[in-house]
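Report on the structure given below.
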Amino acid sequence: MGVTEISKLLGVQKSTAHSLLQTLMARDFVQQNEAGRYSLGVQLIELGHICLEKLDIRDVAKPSMLELANETSQIAILAVLAHDKLIIIEKVEPERPFLIIPKFDFSVAVHSTAVGKVLMANAANDIIDKIIDNGLEKYTDFTLTDRTELLRELDVVRKQGYGIGCNETINGVTCLAAPIFNNSRKVIAALSVSCPSSVLTENEHLEIIRILKQKAGIISQRLGCRQL
């Protein structure tokens, strides 16, 4: 922006705006290019990053999770990867839930859940290796327990931008998940919905993925991710 634009926005004289800008430039809050136009300086950008890092992802995600649960009539789940363990940090049920998920230790089901696959697909290689080396437990007849098959599946998840776990952890339950990015475009969480496999048609499947990716994108933007 030019000094004239800034003075009009602030409602002050150009000389006053110029003086303020010089003070801000001296403290690296504002920078000026060769054309004489001003933009945010390093200090403001760093302060913005600090504020973003202090955001509680659960607070940021909750409004979108409520919308997701009610728009799909399914359970919405927010999960993160803590080293090699899957941690569910938030769960929201729709007003009239169609599914009740039985008690289950999801912390070790990274390889068989949609959220786990999304987080694993975007994790460092040493984390992926550690999860596989811990053992790929077989929960149902559909659980991937072969290293090569799982790595192939993770590659698909990475490319398509979402993960699916159909009857792989609990028979009769399908989960769909999408990644959540921070301001550095790093995947820091995964958002998912869980629904009964028996009632999930192909059209519903595609519609849920569309809504899911939309809500995950909104949460990512609120966390400072500007380009998806």
Problem set entry | Cβ-defined net charge surrounding Asp146, 12 Å radius [Lys, Arg +1; Asp, Glu -1] | +1
Exercise. Given the options Phe181, Phe106, Phe29, which has the most mean-square fluctuation in a GNM of the chain, springs set between C-alpha atoms less than 10 angstrom apart?
Worked result: Phe29
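When Lys117, Lys62 are ordered from fewest to most other Cβ atoms inside 10 Å of their Cβ, what list results?
Neighbour counts put them in this order, fewest first: Lys62, Lys117.
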Seminar exercise, completed: Among Ser112, Leu21, Ile164, the residue whose Cα sits farthest towards the positive end of the charge dipole of the chain, when +1 is placed on the Cβ of each Lys and Arg and -1 on the Cβ of each Asp and Glu, is Leu21
For this session: Treating the angle as unsigned and between 0 and 90°, give the value, to the nearest 10°, between the Cα long axis of helix 57-72 and the longest Cα principal axis of the chain.
Result: 50 degrees
Exercise. For the chain, what is the relative contact order in percent, using Cα pairs closer than 8 Å and at least 6 residues apart in sequence?
Worked result: 17 percent
Problem set entry | Ranked list, fewest to most other Cβ atoms within 10 Å of each Cβ, for Thr16, Thr148 | Thr148, Thr16
Exercise. Which values, in whole Å and largest first, are the semi-axes of the equivalent ellipsoid of the stretch 89-224 obtained as the square root of 5 times each eigenvalue of the Cα gyration tensor?
Worked result: 21, 21, 13
For this session: Over 13 Å, how big is the tail of the calculated P(r) for the stretch 124-168, in percent of all Cα pairs?
Result: 60 percent
Problem set entry | Listed residues Ile89, Ile170, Ile209, most fluctuating in the chain (Gaussian network, C-alpha, under 10 Å) | Ile89
For this session: Would you calculate a helix-derived [θ] at 222 nm for the chain, using -39,500 (n - 2.57) for each DSSP H run of n ≥ 4 and dividing by the full residue count, to the nearest 500?
Result: -14000 deg cm²/dmol
Exercise. DSSP loop trypsin sites (Lys or Arg not before Pro) in the stretch 188-227 with at most 11 other Cβ atoms within 10 Å of their Cβ, which ones?
Worked result: Arg226
For this session: Could you list Leu10, Leu20, Leu119 in order of exposure, starting from the residue whose Cβ has the fewest other Cβ atoms within 10 Å?
Result: Leu10, Leu20, Leu119
For this session: May I ask you to give the average projected area over all directions of the convex hull of the Cα atoms of the chain, in nm² rounded to one decimal?
Result: 16.2 nm²
Problem set entry | the stretch 103-228 - percent relative contact order, Cα under 8 Å, separation 6 or more | 24 percent
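Where a number appears in this text, it was derived from the coordinates with a stated rule and is not lab data. Values in this document were obtained by computation on a predicted structure and should not be read as measured data. Please note: Cβ atoms are built from the backbone with ideal geometry, for glycine as well, and neighbour counts cover all protein chains shown.
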